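Asks: Pasting in a structure now, in structure tokens, and then I'll have a few things to ask.
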Amino acid sequence: MKGRTVRVVGWGLAALLLAAPWLAMRVTDEVAWSAGDFALFAAMLGGAGLTLELAAMRSRDLAYRAGAVLAVGAAFLMVWACLAVGIVGGEGDPINLAYPGVVVLGLAAAALGRFRASGLSRAMLVVAAALVAVAVFALARGAGGPPGETTAILVAHGVFAGLFLGASLLFGLAARRGG
């Protein structure tokens, strides 16, 4: 019964997140989503939810599941931020195309590891390293601008890389426990 409750709460939260911009559009002109925006957000929420469902079926180990939640949540937030406002520069800056690519790289590395805890631990290290490489590239090409922008780029990449490193540690713990 507990697992079913978590699933209902999770999908209910996804539905609320999807409804939030629709409700906001009813009370303010500051939010103006198109049908395409809603479709993309629904696809992102659905993809994240299905990935977590698959992870829950793959292993009963709590560290594995927590690693999955951390990795999927970080990937979701990173892509959402990239699409909404851009992580480097504005949303139109081409470097922002790297972030969905980093997620695809992580999925490919996870698939190579057969979605086992040890393989996922390594895949999350690959993602964290890719984020560091993107930050270095962005700053090397002059994306930092004023000191505040450079700091923002470093903080954003540090936070996301740290989340993926945390997921790596959790998957590593699951691997050691046989999860």
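The values are calculated or read from the model by the stated rules, or taken from the named source; none is laboratory data. Small disclaimer: the values here were computed from a predicted structure and weren't measured. Glycine gets a Cβ as well: all are built from the backbone with ideal geometry, and neighbour counts include every protein chain shown. SASA here: full protein model, heavy atoms, side chains in, ligands and nucleic acids out. Shrake-Rupley method; radii C 1.70, N 1.55, O 1.52, S 1.80 Å.
Asks: For Phe76, are the conditions met, namely being open to solvent by less than 50 Å² (accessible area, probe 1.4 Å) and closer than 17 Å to Ser168 by Cα?
Replies: Details: open to solvent by less than 50 Å² (accessible area, probe 1.4 Å): yes; closer than 17 Å to Ser168 by Cα: yes.
Judged against the criteria, Phe76 is a match.
Asks: Considering every residue within region 107-126, establish whether at least one is crowded, with 17+ Cβ neighbours inside 10 Å and within 30 Å of Ser34 (Cβ to Cβ).
Replies: No, region 107-126 has no match at all.
Asks: Continuing with the same structure: Give the number of residues within region 53-76 that are at pLDDT below 95 and under 20 Å from Leu107 (Cα atoms).
Replies: Result for region 53-76: 7.
Asks: List every residue pair whose Cβ atoms sit under 6 Å apart, with the two residues 6 or more apart in sequence or on different chains, where the first one lies in region 120-131 and is without any contact (Cβ under 8 Å) to a residue 60 or more places away in the chain and the second, anywhere, is open to solvent by less than 20 Å² (accessible area, probe 1.4 Å) and of a type in the set (Phe, Trp, Tyr).
Replies: Taking only residues 6 or more apart or on different chains, the pairs are Leu120/Phe171; Ser121/Phe171; Met124/Phe164; Val127/Phe164; Ala128/Phe164.
Asks: While we're on this one: For region 99-128, give me each residue that is over 19 Å from Gly47 (Cα atoms) and either of a type in the set (Val, Ile, Thr) or within 15 Å of the chain's Cα centre (by Cα) (or both).
Replies: Leu125, Val126, Ala128
Asks: Only one of these conditions is not met by Val132: (1) surrounded by fewer than 19 Cβ atoms within 10 Å (Cβ to Cβ); (2) within 22 Å of Thr51 (Cβ to Cβ); (3) of a type in the set (A, V, I, L, M, F, W, C). Which number is it?
Replies: Against the list (1) surrounded by fewer than 19 Cβ atoms within 10 Å (Cβ to Cβ); (2) within 22 Å of Thr51 (Cβ to Cβ); (3) of a type in the set (A, V, I, L, M, F, W, C), Val132 comes up short only on (2).
Asks: I'm trying to understand the selection: among the residues of region 86-104, which are without any contact (Cβ under 8 Å) to a residue 24 or more places away in the chain, more than 19 Å from Met124 (Cβ to Cβ) and touching a helix residue (DSSP H, G or I) at 6+ places or on another chain (Cβ under 9 Å)?
Replies: If the condition is that a residue be without any contact (Cβ under 8 Å) to a residue 24 or more places away in the chain, more than 19 Å from Met124 (Cβ to Cβ) and touching a helix residue (DSSP H, G or I) at 6+ places or on another chain (Cβ under 9 Å), then Gly86, Gly90, Glu91, Asn96, Leu97 are the ones that fit.
Asks: Next question. Going through region 158-179 one residue at a time, which ones are open to solvent by 50 Å² or more (accessible area, probe 1.4 Å) and either farther than 15 Å from Arg122 by Cβ or among the acidic types (Asp, Glu) (or both)?
Replies: Val159, Leu163, Arg177, Gly178
Asks: List pairs: first in region 167-179 and within 9 Å of Asp61 (Cβ to Cβ), second of a type in the set (Asp, Glu) and open to solvent by less than 60 Å² (accessible area, probe 1.4 Å), Cβ under 8 Å, 6+ apart or cross-chain?
Replies: Here the result reads Ala174/Asp61; Arg177/Asp61; Gly178/Asp61; Gly179/Asp61, each pair linking region 167-179 to a residue that is of a type in the set (Asp, Glu) and open to solvent by less than 60 Å² (accessible area, probe 1.4 Å).
Asks: Which members of region 135-145 meet the condition of being open to solvent by 50 Å² or more (accessible area, probe 1.4 Å), without any contact (Cβ under 8 Å) to a residue 40 or more places away in the chain and assigned to a helix (DSSP H, G or I)?
Replies: Of region 135-145, the ones open to solvent by 50 Å² or more (accessible area, probe 1.4 Å) are 136-137, 139-142, 145.
Pick out the ones that are also without any contact (Cβ under 8 Å) to a residue 40 or more places away in the chain and you get 136, 139-140, 142, 145.
Within region 135-145, Val136, Leu139, Ala140 meet the criteria.
Asks: Any residue at all in region 39-58 that is open to solvent by 30 Å² or more (accessible area, probe 1.4 Å), without any contact (Cβ under 8 Å) to a residue 12 or more places away in the chain and acidic (Asp, Glu)?
Replies: The answer is no; no qualifying residue exists.
Asks: In this structure, is Ala68 under 12 Å from the mean Cα position of the chain (by Cα), touching a residue at least 60 places away in the same chain (Cβ under 8 Å) and surrounded by 18 or more Cβ atoms within 10 Å (Cβ to Cβ)? Outline the logic, then answer.
Replies: Numbers: under 12 Å from the mean Cα position of the chain (by Cα): yes; touching a residue at least 60 places away in the same chain (Cβ under 8 Å): yes; surrounded by 18 or more Cβ atoms within 10 Å (Cβ to Cβ): yes.
Criteria met by Ala68.
Asks: Something else: For region 28-49, which positions are farther than 25 Å from Asn96 by Cα and not acidic (Asp, Glu)? Before you say what the answer is, go through the steps one by one.
Replies: Within region 28-49, the first condition is being farther than 25 Å from Asn96 by Cα, and the residues that meet it are 28-29.
The one that is farther than 25 Å from Asn96 by Cα and not acidic (Asp, Glu): Thr28.
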